[in-house]
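A short write-up of the structure that comes next.
The values are calculated or read from the model by the stated rules, or taken from the named source; none is laboratory data. Everything quoted here is computed from the prediction, not taken from an experiment. With ideal geometry, Cβ positions are generated from the backbone for all residues, glycine too; neighbour counts draw on all protein chains shown.
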Amino acid sequence: MFLPGIINGRFFSTMRNDGRQNSQLRGIKIIRNYLMHPEGSVYIETGNTKVICTASVEETVPPHRKGSGLGWVTAEYGMLPRSTNTRMQRESAKGKLQGRTQEIQRLIGRALRCVTAMDLLGERTILLDADVISADGGTRIAAINGCFAALYDAVKFLMGEQKIKLNPIREFLAAASVGIVGGAVMLDLNYEEDSSAEVDMNIVMTESGKFVEVQGTAEGEAFPKDMFDKMLDEAGKGIQKIIKAQKEILL
């Protein structure tokens with residue numbers, strides 16, 4: 001599916017380096033059942049950022065969940081060596097995960113656990129893998145949005161196999177990036193915009209408008225509350241459009 005960004009222009013109307021309006025999403029493409037083996041697999045493309053997301057069902061839970069009747073959802077994240085403009089060394093070759101990698105995979109796991117009823121999942125784990133094959137900004141955002149779709153399909157698989165009776169996903173969820181670039185609020189930053197942003201934020205929200213995560217940093221000068229409110233507003237509108245795209249595919 002291809003979803004064109006929708007021009008809003010509420011705050012700014014300056015054209016960006018890729019021709020978008022400031023409140024316009026990059027095009028989103030989602031392909032389900034992308035791989036043959038996982039219970040859920042999705043290819044997601046957001047502009048030039050491309051991620052393969054899989055959901056694997058394991059009939060076991062971490063030690064802290066054993067005997068509780070509750071399931072678990074967790075995630076791993078990685079970037080291919082040439083997903084960026086210069087080759088980077090594989091983390092397996094370094095022998096340890098970078099701090100950024102650990103932060104992002106914890107973010108993905110936290111986000112998806114927030115919308116999953118663990119008692120309905122039962123004592124099993126859904127392990128999500130997000131592998132970035134092309135990076136142009138917003139890789140964690142694409143990973144969250146793709147992993148939600150992969151999780152949804154894995155849950156449908158479990159229901160089809162009659163291993164669970166009810167869908168444990170309580171509501172849809174998505175993420176969006178937003179920032180201040182050249183004094184203007186911009187939605188869905190690409191790499192060039194992200195690398196020069198005065199403020200960079202990543203926001204995860206549910207369909208009902210509840211916040212799951214808000215990550216925001218001023219790269220130079222501090223920013224006022226009215227700009228923060230504008231960024232939240234733009235991100236919320238973008239997230240609703242992404243959820244609409246997810247629902248058109250998954251439902």
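The figures follow:
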read-out	value
Some residue of segment 45-68 being in contact with a Lys or Arg (Cβ under 7 Å, 6 or more places away or on another chain), buried (at least 17 other Cβ atoms within 10 Å of the Cβ), among the acidic types (D, E) and in a strand (DSSP E or B)	yes
Close pairs (6 angstrom Cβ cut-off, 6 or more residues apart or separate chains): farther than 21 Å from K237 by Cα and in contact (Cβ under 8 Å) with a residue 60 or more places away in the chain in segment 161-174, crowded, with 17+ Cβ neighbours inside 10 Å and among the polar types (S, T, N, Q) anywhere	P168/T116
Test: residue in segment 157-165 that is of a type in the set (F, W, Y) and surrounded by fewer than 23 Cβ atoms within 10 Å (Cβ to Cβ)	yes
Failed item in (1) in contact with a Ser or Thr (Cβ under 8 Å, 6 or more places away or on another chain); (2) closer than 21 Å to L173 by Cα; (3) without any contact (Cβ under 8 Å) to a residue 60 or more places away in the chain, with V199 passing the rest	(2)
Members of segment 99-136 found to be small (G, A, S) and either touching a Pro at 6+ places or on another chain (Cβ under 8 Å) or surrounded by fewer than 24 Cβ atoms within 10 Å (Cβ to Cβ) (or both), listed by number	G99, G109, A117, G122, S134, A135
Extreme residue, modelled with the lowest pLDDT, among residues of segment 1-44 that are of a type in the set (G, A, S) and not in a strand (DSSP E or B)	G9
Matching residues in segment 199-222 - criterion: being in a loop (DSSP other than H, G, I, E, B) and either modelled with pLDDT under 95 or in contact with a Gly (Cβ under 8 Å, 6 or more places away or on another chain) (or both)	G209, E219, G220, E221, A222
Top-ranked residue of segment 18-44 - restricted to ones that are closer than 21 Å to K163 by Cβ and charged (D, E, K, R), ranked as surrounded by the fewest Cβ atoms within 10 Å (Cβ to Cβ)	R32
Matching entry among T74, T101 (being within 24 Å of I141 (Cα to Cα), in a helix (DSSP H, G or I), touching a helix residue (DSSP H, G or I) at 6+ places or on another chain (Cβ under 7 Å) and among the hydroxyl-bearing types (S, T, Y))	T101
Test: residue in segment 128-146 that is of a type in the set (G, A, S) and part of a strand (DSSP E or B)	yes
Members of segment 74-124 found to be touching a residue at least 60 places away in the same chain (Cβ under 8 Å) and under 19 Å from L173 (Cβ atoms), listed by number	A75, Y77, L107, R110, A111, L112, C114, V115
Residue match in segment 131-144 (condition: within 16 Å of the chain's Cα centre (by Cα), polar (S, T, N, Q) and at negative phi)	yes
Failed item in (1) surrounded by 13 or more Cβ atoms within 10 Å (Cβ to Cβ); (2) within 22 Å of E193 (Cβ to Cβ), with W72 passing the rest	(2)
